[in-house]
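Working notes, beginning with the structure itself.
Read-outs: derived from the displayed coordinates by stated rules, not from any lab. Source: prediction; values computed, not measured. No Cβ is skipped: glycine too gets one built from the backbone with ideal geometry, and neighbour counts run over all protein chains shown.
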Amino acid sequence: MAEAKKTGTTRARKQASAPKIGPELALESVQSVVAPDTPPSPPSAAIKAPMAEPMQFSRFGADRADAVRQALSQAALATANGALEINDKIIAAVQSQSDAAIDLWRTTFNTPHLTDALRLHANGTRQAYETASAQWQDIAEATARWFHKSMEPLQAAMADRAR
């Protein structure tokens, strides 16, 4: 490539073609079609007339808006509390599982006989599995409660609205 530049060989350049129709040319062609001697239409009287009085929302509509606003606030609070609860449970479960795994391996390596090591490892694995499954089941149930509590205020507001 460097030799081609040194020897003076040039690439074939594209010849400039006819101007392409872009937005400017399209706009010019549209403007040339519109007749400039037509007078603009006068604005209608309905648009010019000021409103006699501003729109008033009914008290029932304002109450409904306040109820929905309150429901959204309660739903956001329930969502935040539920997320914190689930976060705490997950962190506790992961810490518990890692501690159980370390204890399992520590007791397995500290036993003097192979048969004792296998027995301790099997029992420790079973206990760790049972503990982990109970923790994750608790997390799943807490998540279901979280979603239910988050939706209760909105469902109540929608039920009140339907009445």
Residue exposure sequence - His148, His121, His113 - by fewest surrounding Cβ within 10 Å: His113, His148, His121
Ranking of Trp136, Trp146 by count of other Cβ atoms within 10 Å, fewest first: Trp136, Trp146
Packing-based exposure ordering (other Cβ within 10 Å, fewest first) of Val94, Val68: Val94, Val68
